[in-house]
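First comes the structure, then the notes that go with it.
Only the coordinates and a few stated rules stand behind these numbers; no lab work does. These numbers come from a predicted model, not from an experiment. Every residue, glycine as well, gets a Cβ built from its backbone with ideal geometry; the counts of neighbours run over all protein chains shown.
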Ligand code: N01
């Protein structure tokens with residue numbers, strides 16, 4: 001039931017119980033004494049890490065920095081086992097956080113928010129769920145993640161397929177058996193390149209359908225280095241997080257301030273070989289400063305990776321198909337893998353280039369491309385997400401004058417700082433489009449938003465303010481700035497989900513903020529220090 005006057009049922013409704021929702025709930029409840037209701041579609045906490053249970057799923061941020069920093073005790077007590085944490089371990093961590101801070105009592109699971117309407121008459125949000133909840137709250141805060149709406153491409157005949165099929169982002173909780181089966185994987189993004197080697201080890205035969213060849217770096221995954229954790233990380237966690245907060249990508253690493261073009265070819269090769277040997281996201285995050293902005297610099301790194309692919313893959317025809325040439329390195333989400341390219345040397349693995357021979361239809365027993373009919377027992381869609389905006393637009397969110405978010409964002413998302421969108425008062429987005437979010441180590445960006453939103457809500461309460469709303473001019477200026485900083489980068493030179501290019505009909509707009517985590521933090525702080533410049537506090 002909704003409350004009948006302007007006393008809300010809750011101070012805040014939070015959507016989602018992943019990193020963002022859990023962190024926001026704890027912060028508002030424990031540090032600001034607010035009443036908070038969280039709604040979560042899943043049956044448990046975890047968000048992304050609840051749903052993405054596909055084989056090989058793990059994070060490509062190192063575990064020691066892929067966590068909350070708000071509690072020193074939590075940082076000191078928790079012991080990661082993997083250098084790059086696997087999905088079950090991250091899920092255990094988030095369950096531990098939920099238990100340790102007694103968060104479950106404010107979370108309603110198995111509940112999807114279907115609509116949210118700003119009631120101008122009472123200055124409250126009215127939130128409706130698929131479980132027949134209708135509640136009001138002063139603030140509505142989304143912690144719905146950036147890659148939570150799975151994209152199963154509409155391929156003719158999928159309904160007729162008689163085998164099993166799965167999307168990596170909605171993987172079953174029960175064990176999926178690959179042995180003795182002919183399996184197809186469609187897609188070679190992060191989810192594909194992580195799952196392909198694992199599936200290939202079990203399946204009788206694996207056929208990978210690749211649209212765009214990828215650059216990927218070996219993760220060099222290992223168990224966590226205990227000595228490093230105990231001697232270097234744990235005693236210095238404050239400094240490590242502080243460095244990450246002011247860095248470009250939310251990692252405690254320093255970029256090489258040299259241009260790739262200013263050093264000699266031998267020095268460049270030495271740097272690339274060292275990065276390749278160390279592996280992981282550092283290959284990119286510590287590399288030369290102009291890889292992301294200068295095509296010639298980028299080409300040196302891209303060619304280095306192509307050479308590695310030629311060295312690893314035995315069959316010349318497969319090598320040719322795997323060669324990424326149509327986009328710069330890092331213009332699509334950088335990938336790190338374990339044995340991805342070497343998997344194509346297995347006898348039971350085959351690569352199909354669907355750019356040259358597109359999928360025509362799914363048949364009851366397999367997949368038909370322009371050139372060939374394939375038989376499968378299982379199809380795995382590693383085809384990604386309607387990223388950054390998909391989950392927002394699937395909810396019916398309405399602001400002033402019944403304006404729907406679908407209409408407001410019909411030409412692409414418009415936000416101020418990725419935190420608010422004009423005409424939707426008291427709606428806050430954690431890692432919304434227009435913030436660094438997906439271009440960064442997510443927990444660092446999520447905590448920055450949580451801190452900033454909590455600071456603003458505190459200010460609102462202290463000053464008896466009823467509503468906070470991004471000014472339309474501030475929003476327009478931010479949207480231009482987001483585009484302006486993206487324009488000269490390599491990101492504009494690929495058909496990526498950052499640009500919405502993976503979803504037919506989606507406006508081609510670069511959605512995340514490429515200016516860097518530290519720069520963004522500075523801007524957010526400045527705006528707060530200037531009395532929340534660009535926001536209408538009514
Ligand atoms: O999805 P993707 P993902 N027909 O969009 C192809 C995060 N993540 O789930 O490149 C045929 O990257 C598509 O081809 P193309 C991370 O941020 C992180 O793998 O568009 N193919 C591509 O190959 C990541 O970026 C982690 O030409 C189709 C693939 O499917 C994001 O999630 C792990 C197609 C989709 O790749 C998404 O990753 C996993 C079609 N109709 C995910 N449509 C880690 O931290 C799409 N494709 C490690």
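Relative to the compact-globule scaling 2.2 N^0.38 Å, provide the ratio for the alpha-carbon radius of gyration of the range 1-154.
1.12
Nearest 10 degrees, 0 to 90: what angle lies between the long axis of helix 295-312 and the longest principal axis of the chain (Cα atoms)?
Roughly 50 degrees, rounded to the nearest 10.
How much length, in nm to one decimal, is gained on full extension between residue 121 and residue 6, taken as 0.36 nm per residue of separation minus their Cα-Cα distance?
Difference between extended and current length: 40.6 nm.
Over all directions, the average projected area of the alpha-carbon convex hull for the range 364-416 comes to how many nm²?
That works out to 6.6 nm².
Provide, as a two-decimal number, the C-alpha radius of gyration of the chain over 2.2 N^0.38 Å, N being how many residues it has.
Compactness ratio reported: 0.97.
Kindly express, to the nearest 10 degrees and within the range 0 to 90, the angle between helix 472-486's C-alpha long axis and the longest C-alpha principal axis of the chain.
Helix 472-486 sits roughly 20 degrees off the main axis of the chain.
Do me a favour and compute the ellipsoid semi-axes for the range 184-276 from its Cα gyration tensor, root of five times each eigenvalue, largest one first, whole Å.
32, 23, 14
Would you mind ranking 449, 327 so that the residue whose beta carbon has the fewest other beta carbons within 10 Å leads the list?
Values: 449 26, 327 20.
Least to most surrounded, the residues fall as 327, 449.
Find how much the distance from residue 269 to residue 523 grows on full extension, using 0.36 nm per residue of separation minus their present alpha carbon separation; answer in nm with one decimal.
The residue 269-residue 523 span can extend by a further 87.8 nm.
Whole Å is fine, so just give me how far the alpha carbon centre of the range 487-538 lies from that of the range 30-89.
24
Using Cα pairs under 8 angstrom and six or more residues apart, how large is the relative contact order of the range 1-155, in percent?
Relative contact order of the range 1-155: 35 percent.
Would you mind checking the tilt of helix 87-100 against the longest principal axis of the Cα atoms of the chain, expressed as 0 to 90 degrees and rounded to 10?
20
P(r) tail for the range 452-533, what percent of Cα pairs lie past 17 Å?
On the way: 1969 of 3321 pairs.
Pairs farther apart than 17 Å: 59 percent.
At q = 0.15, 0.28, 0.30 Å⁻¹, what log₁₀ I(q)/I(0) does the range 1-59 have when each alpha carbon counts as one equal point scatterer in the Debye sum?
Debye curve over Cα of the range 1-59, log10 I(q)/I(0) at q = 0.15, 0.28, 0.30 Å⁻¹: -0.54, -1.09, -1.15.
Calculate the length of the line joining the C-alpha centroid of the range 390-424 to that of the range 326-378, in whole Å.
One Cα centre to the other: 36 Å.
With r defined as the distance between the Cβ atoms of residue 132 and residue 495 and R0 fixed at 45 Å, what FRET efficiency is calculated, to the nearest 0.05?
That gives a FRET efficiency of 0.60.
Rounded to the nearest 0.05, what FRET efficiency is calculated for residue 174 and residue 227 with R0 set to 45 Å and r the Cβ-Cβ distance? Numbers along the way, then the final one.
Working: r = 38 Å, r/R0 = 0.85.
The pair residue 174/residue 227 has a calculated efficiency of 0.70.
How many nm separate the modelled label positions at residue 32 and residue 254, each set 7 Å beyond the Cα in the direction of the Cβ?
Calculated label separation equals 3.7 nm.
Take residue 536, project a point 7 Å from its Cα along the Cβ direction, then tell me which residues of the range 471-503 have their backbone nitrogen under 20 Å from it.
471-480
Just from its helices, what would the mean residue ellipticity at 222 nm be for the chain, if runs of 4 or more DSSP H residues each count -39500 (n - 2.57) and the sum is divided by every residue, rounded to the nearest 500 deg cm²/dmol?
Details: 16 runs with 159 residues, N = 538.
That calculation yields -8500 deg cm²/dmol at 222 nm.
Using the count of nearby Cβ atoms within 10 Å as a rough guide to exposure, how do 466, 414 rank from fewest to most?
Listing 466, 414 from fewest to most nearby Cβ atoms yields 466, 414.
What is the Rg over Rh value, at two decimals, for the range 381-538, using alpha-carbon atoms and the Kirkwood definition of Rh?
Looking at the range 381-538, the ratio lands at 0.96.
Please compute the modelled spin-label separation between residue 459 and residue 239, points set 7 Å along Cα→Cβ, answer in nm with one decimal.
About 3.2 nm separates the two model spin labels.
Residues of the range 323-363 with the amide nitrogen closer than 15 Å to a label point 7 Å from the Cα of residue 159, along Cα-to-Cβ, please.
It comes to 362-363, nothing else.
When the chain is fully extended, how far beyond the present Cα-Cα distance does residue 92 get from residue 345, taking 0.36 nm per residue of separation?
Gain in length upon complete extension: 87.6 nm.
What nm distance separates the two modelled labels at residue 484 and residue 365, each placed 7 Å from Cα along Cα→Cβ?
Reported label-point gap for residue 484 and residue 365 is 6.1 nm.
For the range 91-170, taking Cα atoms only, what is the radius of gyration to one decimal and the Dmax to the nearest whole Å?
Cα-based Rg and Dmax for the range 91-170 come out at 18.1, 53 Å.
Post the alpha-carbon centroid distance, the range 138-181 to the range 217-256, in whole angstrom.
With the range 138-181 and the range 217-256 each reduced to a Cα centre, they are spaced 32 Å.
Can you give the FRET efficiency to the nearest 0.05 for residue 307 and residue 402, using r as the Cβ-Cβ distance and R₀ = 56 Å?
0.45
Let me check the size of the range 147-214 from its C-alpha atoms; what are the radius of gyration and Dmax in Å?
When restricted to the Cα atoms of the range 147-214, Rg and Dmax are 12.3, 32 Å.
Which ordering of 124, 74, 91 is given by a fewest-first count of other beta-carbon atoms within 10 Å?
Arranged by neighbour count, lowest to highest, 124, 74, 91 become 74, 91, 124.
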